[in-house]
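The values are calculated or read from the model by the stated rules, or taken from the named source; none is laboratory data. These numbers come from a predicted model, not from an experiment. Cβ coordinates were reconstructed from backbone atoms using ideal geometry, including for glycine residues, and neighbour counts include every protein chain displayed.
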Amino acid sequence: MIESGRPCVELAQQLFAVESAITKAKRELIHDHMEHCLGDGVGEGKVHQQDALVEFKTLSKYL
């Protein structure tokens with residue numbers, strides 16, 4: 001877009017859309033991990049509750 005001389009507002013809009021899409025994908029990935037890896041892992045006894053809590057706190061920084 002820069003090379004083709006598109007207006008800065010259009011470029012800013014496209015960058016915002018890309019940023020929003022990445023943020024949404026990241027959030028979905030983290031939520032899925034929390035539900036399936038941590039939640040199911042604790043429920044099935046594969047993950048210790050304290051370890052899951054530590055990982056949950058770490059992941060929450062990225063939301």
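Could you count how many residues in region 16-33 are closer than 30 Å to Met1 by Cβ and free of Cβ contacts under 8 Å to residues at least 12 places away in the same chain?
12
Name the pairs whose Cβ atoms lie under 6 Å apart, with the first residue in region 34-45 and over 16 Å from Leu63 (Cβ atoms), the second of a type in the set (D, E, K, R) and surrounded by 10 or more Cβ atoms within 10 Å (Cβ to Cβ), and 6 or more positions between them or separate chains?
Qualifying pairs under 6 Å: none.
So that you can scan it fast, the table gives a plain yes or no per residue for (1) in a helix (DSSP H, G or I); (2) among the aromatic types (Phe, Trp, Tyr); (3) surrounded by 12 or more Cβ atoms within 10 Å (Cβ to Cβ):
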{"residue": "Ile2", "(1), (2), (3)": "no, no, no"}
{"residue": "Val9", "(1), (2), (3)": "yes, no, no"}
{"residue": "Ala17", "(1), (2), (3)": "yes, no, no"}
{"residue": "Ala21", "(1), (2), (3)": "yes, no, no"}
{"residue": "Lys24", "(1), (2), (3)": "yes, no, no"}
{"residue": "Glu35", "(1), (2), (3)": "yes, no, no"}
{"residue": "Leu38", "(1), (2), (3)": "yes, no, yes"}
{"residue": "Lys57", "(1), (2), (3)": "yes, no, no"}
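For (1) among the acidic types (Asp, Glu); (2) modelled with pLDDT of 95 or more, each residue gets a yes or a no:
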residue: Ala21; (1), (2): no, yes
residue: His33; (1), (2): no, no
residue: Cys37; (1), (2): no, no
residue: Gly43; (1), (2): no, no
residue: Val47; (1), (2): no, no
residue: Asp51; (1), (2): yes, no
residue: Phe56; (1), (2): no, no
residue: Tyr62; (1), (2): no, no
